[in-house]
Amino acid sequence: MLSQNDLADLPGKAVAGTGGDEIGTIEDVFAYSSTDTPAWAAISIDGALRPLPLVDAELSGEGLTVPYDRDQVAAAPEADPDALTTSRELYDHYGLTDAELRDDTGNPAGESA
């Protein structure tokens with residue numbers, strides 16, 4: 001799991017998916033408001049910014065490894081920084097549930113108690 005300490009170091013890192021295939025490069029990172037831990041990244045892939053959940057991402061060498069393949073990330077809707085942690089379309093695209101994207105308050109990420 002990524003930590004608050006990783007937040008500033010993530011932009012510019014290469015992202016590899018399942019099988020080790022390179023997916024793209026992290027352009028920006030969006031953190032949970034309650035913990036400042038990385039929640040989503042906007043990655044550059046095929047000339048577009050695509051949102052990528054960081055819930056199961058792991059640092060590996062000089063990059064980041066995620067449990068998604070390149071085709072799945074490339075097919076994600078283009079990044080919308082104002083709606084990344086609340087978009088049902090993105091949750092469905094990546095097969096995530098609200099429980100997988102909860103912050104340390106127990107509330108879905110982006111919601112307050």
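Counting only DSSP beta bridges with both residues in region 4-101, what percent are antiparallel, rounded to the nearest 5? Beta bridges within region 4-101, antiparallel portion: roughly 85 percent.
When the P(r) is computed for region 4-101, the part past 15 Å accounts for 56% of the Cα-Cα pairs. Modelled spin-label separation between T25 and R88, with each label point placed 7 Å from Cα along the Cα-to-Cβ direction: 3.7 nm.
Rule-based calculations on the coordinates, nothing more; no lab input. Every value quoted in this text rests on a predicted model; they were computed, and no experiment measured them. Please note: Cβ atoms are built from the backbone with ideal geometry, for glycine as well, and neighbour counts cover all protein chains shown.
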